[in-house]
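The values are calculated or read from the model by the stated rules, or taken from the named source; none is laboratory data. The shown structure was predicted, so the numbers you read here are calculated from the model rather than taken from an experiment. Cβ: placed from backbone, ideal geometry, glycine included. Neighbour counts: every protein chain shown. Each accessible area value is taken on the protein alone, full model and side chains, heavy atoms only, with ligands, DNA and RNA left out. Shrake-Rupley method; radii C 1.70, N 1.55, O 1.52, S 1.80 Å.
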Amino acid sequence: MSKKSNSGKIFENTALICAIVVTVIFLSMSSKLYQLYMEKAYPKSEIYGAWVEQNVASYAADMFMLNKSGVIIKGKVISTNYDWDGASLKYQIGDKERRFKVKKNEPDFMEIQLISEPHYKPIFRMAK
């Protein structure tokens, strides 16, 4: 009887471990598939270029560039990773996250607004 209950426990533990492994593999694969979908649906190349702050003096305007290398500010790559989902843009500068939302998306131009700052919400437009 103890032999039967012992083999039952081994079977239960093996089944539990297999279920955990299958779940982890499934979650990992679904994450990768979602990432591939986002890259196809909203290619980062549509936002490549120089983004310039609007409605301020040209000498005081904030500017950053996006390209396949990452986010570039004043000629330096400050982040090699950024997220774009067609409606928002996010990237890290050190321990600070900068978040933007698309304000206007027209064939001739796109505007994004900084939303991660509580008191200042400038609008940026891609420079031609």
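Observations on the structure shown:
- When T14, T80 are compared by accessible area of protein heavy atoms, the largest-first order is T80, T14, using a 1.4 Å probe.
- Length-normalised contact order for the chain - Cα pairs under 8 Å, 6+ apart - percent: 16
- Within the listed set K90, K32, K103, the residue fluctuating most in the Gaussian network model of the chain (springs between alpha-carbon atoms under 10 angstrom) is K32.
- Heavy-atom accessible area per residue - the chain, 1.4 Å, Å²: 75
- Inter-part distance where segment 50-116 and segment 3-40 are each reduced to a Cα centre, Å: 39
- For K121, the aspartates and glutamates whose Cα comes closer than 19 Å to its Cα, not counting residues fewer than 8 places off in the same chain, are E53, D62, E97, E111.
- Most fluctuating residue given options I115, I25, I78, as computed from a GNM of the chain linking Cα atoms under 10 Å: I25
- Dipole magnitude of the chain about its Cα centre (Cβ charges: Lys, Arg +1; Asp, Glu -1), debye to nearest 20: 420
- Just the protein heavy atoms count here, and of the accessible area of the chain at 1.4 Å, carbon and sulfur take up 59 percent.
- All Cα pairs of the chain, percent lying beyond 27 Å: 40
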